[in-house]
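In what follows, a single structure is set out as C-alpha cells and then discussed.
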Amino acid sequence: MQMEMIYPRIDRALKKYRLPVALNVAIKKSIQDEILQLTDETADTVMMIGLLALKEEFGFGAERLNKYSKKAQEILNDAYARYGLDAIFALKRRLEEEGIKYVSKR
C-alpha cells in the first residue's frame with residue numbers, strides 16, 4: 001500500500017464540497033489543528049504505554065525511562081518540525097531504513 005501524505009488528502013476531501021476559498025482555508029486550518037491535537041494526545045498515550053511496558057516487562061528503572069522519554073520526545077519534535085503532519089510517514093521510512101518493520105493495524 002502506497003503511503004499518501006496528509007495535506008493532499010485534506011485538499012481532496014474539501015474539493016468535494018466546492019466551498020468558497022476563504023471557507024476552504026478556514027476549514028483546512030481547523031482540520032489541521034485538530035489532527036495536531038489528536039496526534040499529540042496519541043503520542044503522549046503511546047509514550048506512557050511504552051514507558052510502562054519497558055518498566056514492567058524489561059525492568060527499566062526511572063533513570064533509563066527518563067532517558068528514553070527524553071530521546072523519544074526529541075525524535076518526535078524533530079519529525080514534526082521537519083515534516084509537519086506528514087511526520088508519521090517520515091518516521092515509518094526511518095524505521096524501514098534501520099531494518100525495523102513496523103506493522104500498523106490499518
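Here are the numbers for this structure:
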quantity	calculated
All positions within segment 1-28 that are polar (S, T, N, Q) and at pLDDT 85 or above	24
Test for residue 14: is it surrounded by 11 or more Cβ atoms within 10 Å (Cβ to Cβ), part of a helix (DSSP H, G or I) and in contact with a Ser or Thr (Cβ under 7 Å, 6 or more places away or on another chain)	no
Looking only at segment 29-52, and only at residues there that are over 20 Å from residue 65 (Cβ atoms) and over 12 Å from the mean Cα position of the chain (by Cα), the one that is modelled with the lowest pLDDT	32
Flag if residue 92 is surrounded by 14 or more Cβ atoms within 10 Å (Cβ to Cβ), among the basic types (Lys, Arg), within 17 Å of the chain's Cα centre (by Cα) and in a helix (DSSP H, G or I)	yes
Pair list, Cβ < 7 Å and 6+ apart or interchain, from segment 86-104 residues that are touching a residue at least 60 places away in the same chain (Cβ under 8 Å) to residues that are assigned to a helix (DSSP H, G or I) and surrounded by 12 or more Cβ atoms within 10 Å (Cβ to Cβ)	86/6
Residue in segment 75-89 that is more than 11 Å from the chain's Cα centre (by Cα) and surrounded by fewer than 10 Cβ atoms within 10 Å (Cβ to Cβ) present	yes
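The values are calculated or read from the model by the stated rules, or taken from the named source; none is laboratory data. If you're wondering where the values come from, they're calculated on a predicted model, not measured in any experiment. Positions of Cβ are generated from backbone atoms using ideal geometry, with glycine treated the same way; all protein chains shown enter the neighbour counts.
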